[in-house]
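Written below as C-alpha cells is the structure these notes are about.
The values are calculated or read from the model by the stated rules, or taken from the named source; none is laboratory data. Just so we're clear, the structure is a prediction, and the values are computed from it rather than from any experiment. FYI the Cβ positions are ideal-geometry reconstructions off the backbone, even for glycines, and counts take in every protein chain you see. Ligands, DNA and RNA are excluded from the accessible area calculation, which covers all protein heavy atoms including side chains. Shrake-Rupley method; radii C 1.70, N 1.55, O 1.52, S 1.80 Å.
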Amino acid sequence: MNKLDKSEAYLIKILNNNPDDNIRSVALSNLTKIYVDKKDVVNAKKYLNECIVSSNDHESEVYNDYLLAKICVLDGKTKEALQLYDSIFVNEDINSMTLAMMNDYLKLLNSLKKYNKSLLLMNKLSLFINATSDLHIINSFYHNKLDYFIGIKDNN
C-alpha cells in the first residue's frame, strides 16, 4: 500500500469516528487533496463539497478554492482554474500556505504558455522564495522557473 492509500485509509477512519468540526474539516480537505493527487476527480469533488460545508474559517475557504482550482485543472477547465487562482492571489498575502499554491498557479501558467503573467508572478515570488526554508517550495519554484525559460526559448 502506498503512502496516499495509507493516508486515505487513516483519514477515512478519522471521519468514521465522528470527530469535532475542526478535525472533520482538516480530514476532508486532506482527503480531497489525496484524491486530487490521485487524479480521482469524482471523489475529490465529493470530499471538497463536504469540506466546503464544514469549513468555518477564512484560511479553510482559501484552501478550498485552491483545491477547486486543482480539480478544475484535472477536469480540463483551465479558464475556471485561472479565475480561482487569480481571486486567491488578488485577495491574499503571500505566506507559507499561499506560496505553495502560487507555485501550482505558476505551473499552470507555464503549461498554458501565459509567459507574461508567469514572469510577473515569478518576480513577485522571488523575495518570498529566498526567505523560505521549505525545500519543496523552493524546488517547485525553480522547476517552474526552468520550465518558463524553456517555454520562452521554444516559443522564439
Segment 20-37 - residue that is aliphatic (A, V, I, L, M) and more than 15 Å from I52 (Cβ to Cβ) and, of those, surrounded by the most Cβ atoms within 10 Å (Cβ to Cβ): I34
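Take segment 1-29 and flag every residue that is in contact with a helix residue (DSSP H, G or I) (Cβ under 7 Å, 6 or more places away or on another chain) and not small (G, A, S).
Of all residues in segment 1-29, those in contact with a helix residue (DSSP H, G or I) (Cβ under 7 Å, 6 or more places away or on another chain) come to 4, 7-8, 11, 14-15, 19, 21, 23-25, 27-29.
Selection gives L4, E8, L11, I14, L15, P19, D21, I23, R24, L28.
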Residues that are free of Cβ contacts under 8 Å to residues at least 12 places away in the same chain, assigned to a helix (DSSP H, G or I) and open to solvent by 50 Å² or more (accessible area, probe 1.4 Å), drawn from segment 6-19: K6, Y10, K13, N16
Test result for L67, open to solvent by less than 90 Å² (accessible area, probe 1.4 Å) and in contact (Cβ under 8 Å) with a residue 24 or more places away in the chain: yes
Residue in segment 68-83 that is in a helix (DSSP H, G or I), among the charged types (D, E, K, R) and either more than 23 Å from K39 (Cβ to Cβ) or over 18 Å from the mean Cα position of the chain (by Cα) (or both) present: no
Among residues of segment 39-83, those that are β-branched (V, I, T) and modelled with pLDDT under 95, counted: 3
Residue in segment 38-64 that is surrounded by the most Cβ atoms within 10 Å (Cβ to Cβ), counting only those that are over 14 Å from the mean Cα position of the chain (by Cα) and in a loop (DSSP other than H, G, I, E, B): S55
Flag if L146 is open to solvent by 60 Å² or more (accessible area, probe 1.4 Å) and either in contact (Cβ under 8 Å) with a residue 24 or more places away in the chain or out of contact with any helix residue (DSSP H, G or I) (no Cβ under 9 Å at 6 or more places or on another chain) (or both): yes
Selection status of S140, assigned to a helix (DSSP H, G or I), among the small types (G, A, S) and within 22 Å of V36 (Cβ to Cβ): yes
